[in-house]
Amino acid sequence: MADQDPAARAAELRALLHHHAHRYHVLDAPEIPDAEYDRLFAELQALEAAQAGLLTPDSPTQRVGGRVLEGFTPVRHAVPMLSIRTETDTTTAGALAFDERVRRELALPPEAPPVEYSAELKFDGLAINLRYEAGVLVQAATRGDGETGEDVTQNIRTVGQIPLRLQDGDDALPEVLEVRGEVYMRRDDFERLNQRQRDKGEKTYINPRNTAAGAVRQLDPAITAQRPLSFFAYGLGEVRGWRRPPTHALTLDALAALGVPVCADRAVVQGAEGLSVFHQAMGTRRDQLPFDIDGVVYKVNDVALQQRLGFVTREPRWAVAHKYPAQEQMTRLNAIEIQVGRTGKLTPVAKLEPVFVGGTTVSNATLHNVFELRRKGVRVGDSVIVRRAGDVIPEVVGRVGEGARAPYVPNFRMPRACPVCGSAVLRERGGIDHRCTGGLFCAAQRKQALLHFAGRRAMDIEGLGDKLVDQLVDGGLIRTVPELYTLGMAKLSALERMADKSAANLLAGLDKSKATTLARFLYALGIRHVGETTAKDLARHFGGLDRLMAASAEQLREVNDVGPVVAQSLRTFFDQPHNVEVVEQLRAAGITWPEHDGEAPDKGPQPLAGQTLVLTGTLPTLTRDEAKALVEAAGGKVAGSVSKKTSWVVAGVEAGSKLDKARELGVPVLDEAGLRALIDGQT
């Protein structure tokens, strides 16, 4: 080997190590002893150290962890990572309900053959998107909010089960293949990890799921490398240059052939009966599995049928999660306290005698709202049943028995003033939730208010993200939204990991945001029920903020699409002195926008007035936001789904189910050139 070309030997070693790692981590069938693997690994390390050009991103030596990260970079998913609906009935009736919905959506007659489904496990871990380009792992990202996740590539490289390079098959490797799956921790690995913690006299971890999620989101990849993480694939994201198999089950088989771990506990079943049998079988085996699951997942197997079924409210109609009954324990309700959430919702929280349930010790549990609390009939001092609902959020199920209480235990009542900021607490007519009305003032809502205010569709303050908002609020530098505009270089530079350039960029972003529009400012205030479209309608109708703030509920209802709920929400917001004070402070900080006298200004030609368009796919030169702005400037509206009321569908590259729906309903379809021609009056 001494005479062998170093580059050729390095390539040979990489291939050998990938092969043996797959045999060890995925197939659990090693072909060589650990010492031999270590010898090959050390040889590759020595070659790469001697000649820097030999190091490649897919080298097995890159699994051990790199530099400590300053923070996670946002990643915009090419294809959104959508959530799936959860079947609330944990009995076999849940399987029947899903099958009935699918048959109804497909308009299948009773005599039609059963629908074929792919049934698999619902892993209790962290969803991850793996992006392979030409077969090499180039990026890994968390789900995040479904649209944007966090770049955790360096950490994911440390997970032995995840291939850094896909296995070559008979066909060429895909140009782009995004693999979606779950990072999890096996129970035996979790127990060994906790034993090591105990041996070192350090704190043990609570459960495998949280430990796995925390490991993936470590800023130091070397720490992630010390955690025994595993991975199972369950689907796809963006795909280019690869012919997807016609069924979901064959897709998973194809991923396995590429060297991607896929769980063997899955089946192709027929109809509701097949789903029920799978649900029961996995429920019986649940405790014997080497990892935690909280249910099973059913997917229509035929990809063509999936496309026909499409999506509803950003959830696929062709898939559902069918969970198992949650674990329950009995304990004592010691007190009821109020928790104010990031959006101002007030939630009664049960303070419990600590009890071990669902793999963790629970001392707090949600009571959801006052109506649910009264329905369950629980009061302080009662023995109650606590459940980890969905195996995640502890909740009080109800009172145990009908035994005697103390002579007088008063019913719990929701407070009239927010326990955090003292603002009025209101419940919308017909609603069940109580909310604090001090949105811009309330400390409990501070971080959410800041993030929403700085959002791209609001004030668009570049550089102000989650991590920085946490630092500003937790460090006491920001208490209210207007204080953003009092930040200076000295305050920002004192923050951990805040370089002078980053501080200067943020200050420039803050200064730039001062010149805005009334619609953006209204949306940025975070008024309940006031989204982008309503904010634009309000700005167009009133022309100025003072006129809007002084408008009565009746005058507000004169605005397009503003009903009694939105009107009352606006009046409630502007009737709070705290909120008005914050608005005035923002104006005093220099935030301005063009105003008019209340009559709609000349908007120019409105060729799309009264028409509704749906955008799908990637357009050649326009981003989604730019296309939407063009449509709205021409008087049209942009909707998120296709219906019989849709006027046009504008389709770009890789248009999905919306394009299929348009063709099914006979809705006219345009490309970008057609959209421009329509706006220019040439169509």
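Among the residues of segment 324-373, just one is in a strand (DSSP E or B), among the charged types (D, E, K, R), within 21 Å of L426 (Cα to Cα) and more than 25 Å from the chain's Cα centre (by Cα), namely E337. Considering every residue within segment 12-23, establish whether at least one is modelled with pLDDT of 85 or more, of a type in the set (K, R), closer than 21 Å to L166 by Cβ and part of a helix (DSSP H, G or I). Yes, that holds for at least one residue.
Name the pairs: first residue in segment 138-157 and of a type in the set (K, R), second residue assigned to a loop (DSSP other than H, G, I, E, B), Cβ to Cβ under 9 Å, at least 6 apart or on different chains? Matching pairs, first to second residue: R143/H77; R143/M81; R143/S83; R157/P57; R157/G65; R157/G66; R157/L164. Among residues of segment 652-678 that are crowded, with 16+ Cβ neighbours inside 10 Å, those with a Cβ under 9 angstrom from a residue that is modelled with pLDDT of 90 or more and acidic (D, E), sequence gap 6+ or separate chain, pair up as G652/D671; G652/E672.
Going by what's in this entry, would F291 be described as outside any loop (DSSP other than H, G, I, E, B), over 19 Å from L177 (Cβ atoms) and either in the same structural domain as H19 (by TED's automatic domain parsing) or of a type in the set (F, W, Y) (or both)?
No: the conditions fail for F291.
The set of residues in segment 454-464 that are assigned to a helix (DSSP H, G or I) and over 20 Å from the mean Cα position of the chain (by Cα) is empty. Restricting T360, T331, T284, T343 to residues that are out of contact with any strand residue (DSSP E or B) (no Cβ under 9 Å at 6 or more places or on another chain) and either polar (S, T, N, Q) or not assigned by TED's automatic domain parsing to the domain that holds H248 (or both) narrows the list to T284. Scoring R479 on the criteria (1) within 22 Å of C421 (Cβ to Cβ); (2) of a type in the set (D, E, K, R); (3) in a helix (DSSP H, G or I) leaves a single failure, condition (3).
Taken over segment 432-452, residues that are in a loop (DSSP other than H, G, I, E, B) and aliphatic (A, V, I, L, M) amount to 2. When S363 is tested against (1) closer than 30 Å to V296 by Cα; (2) touching a residue at least 24 places away in the same chain (Cβ under 8 Å), just one condition goes unmet, and that condition is (2). Taken over segment 167-218, the residue count meeting the criterion of being of a type in the set (V, I, T), touching a residue at least 12 places away in the same chain (Cβ under 8 Å) and touching a helix residue (DSSP H, G or I) at 6+ places or on another chain (Cβ under 8 Å) is 4. For the condition under 21 Å from the mean Cα position of the chain (by Cα), in a helix (DSSP H, G or I) and among the acidic types (D, E), D470 qualifies.
The number of residues in segment 294-323 that are in a helix (DSSP H, G or I) and in contact with a helix residue (DSSP H, G or I) (Cβ under 8 Å, 6 or more places away or on another chain) comes to 5. Looking across K603, K628, one residue alone is modelled with pLDDT under 85, out of contact with any Leu (no Cβ under 6 Å at 6 or more places or on another chain) and basic (K, R). It is K603.
Kindly state which helices (runs of 4 or more DSSP H) lie completely within segment 565-683 and contain at least 3 residues that are under 30 Å from S552 (Cβ atoms) and more than 30 Å from the chain's Cα centre (by Cα).
Working: elements: 577-588, 624-633, 657-665, 672-679.
The qualifying helices (runs of 4 or more DSSP H) are 577-588.
For segment 262-276, the tally of residues that are surrounded by fewer than 20 Cβ atoms within 10 Å (Cβ to Cβ), within 13 Å of V115 (Cα to Cα) and among the hydrophobic types (A, V, I, L, M, F, W, C) stands at 1. With respect to (1) closer than 30 Å to G430 by Cα; (2) modelled with pLDDT of 90 or more; (3) touching a helix residue (DSSP H, G or I) at 6+ places or on another chain (Cβ under 6 Å), the lone exception for N560 is condition (2).
Taking segment 34-70, which residues are within 19 Å of R165 (Cβ to Cβ) and at pLDDT below 75? Before you say what the answer is, go through the steps one by one.
Taking segment 34-70 and keeping what is within 19 Å of R165 (Cβ to Cβ), we get 37, 40-41, 43-45, 47-48, 53-66.
Passing the criteria: Y37, Q62, R63, V64, G65, G66.
Looking across segment 424-440, just one residue is within 13 Å of V340 (Cα to Cα) and at pLDDT below 80, and that is G439. Consider segment 415-431 and keep the residues that are among the charged types (D, E, K, R) and part of a loop (DSSP other than H, G, I, E, B). The one that is surrounded by the most Cβ atoms within 10 Å (Cβ to Cβ) is E428.
Please count how many residues of segment 119-157 are assigned to a loop (DSSP other than H, G, I, E, B), over 30 Å from F278 (Cα atoms) and modelled with pLDDT under 90. I'd like the intermediate steps shown before the answer.
Going through segment 119-157, the residues assigned to a loop (DSSP other than H, G, I, E, B) turn out to be 124-125, 134-135, 143-147, 152, 157.
Add one more test, that the residue is over 30 Å from F278 (Cα atoms), and what stays is 134-135, 144-145, 147, 152, 157.
Those still in the list that are modelled with pLDDT under 90 too: 144-145, 147.
Going through segment 119-157 one residue at a time, the tally reaches 3.
Across segment 394-414, the qualifying residues are those that are under 30 Å from Q568 (Cβ atoms) and loosely packed, with under 12 Cβ neighbours inside 10 Å, and the one among them that is modelled with the lowest pLDDT is N411. Pairs meeting the criteria (first residue in segment 583-597 and in contact (Cβ under 8 Å) with a residue 12 or more places away in the chain, second residue surrounded by 14 or more Cβ atoms within 10 Å (Cβ to Cβ) and aliphatic (A, V, I, L, M), beta carbons under 6 Å, at least 6 apart or on different chains) are W593/L518.
The values are calculated or read from the model by the stated rules, or taken from the named source; none is laboratory data. Quick caveat: nothing in here was measured; it's all calculated off a predicted structure. All Cβ positions, glycine included, derive from the backbone under ideal geometry; neighbour counts span all protein chains shown.
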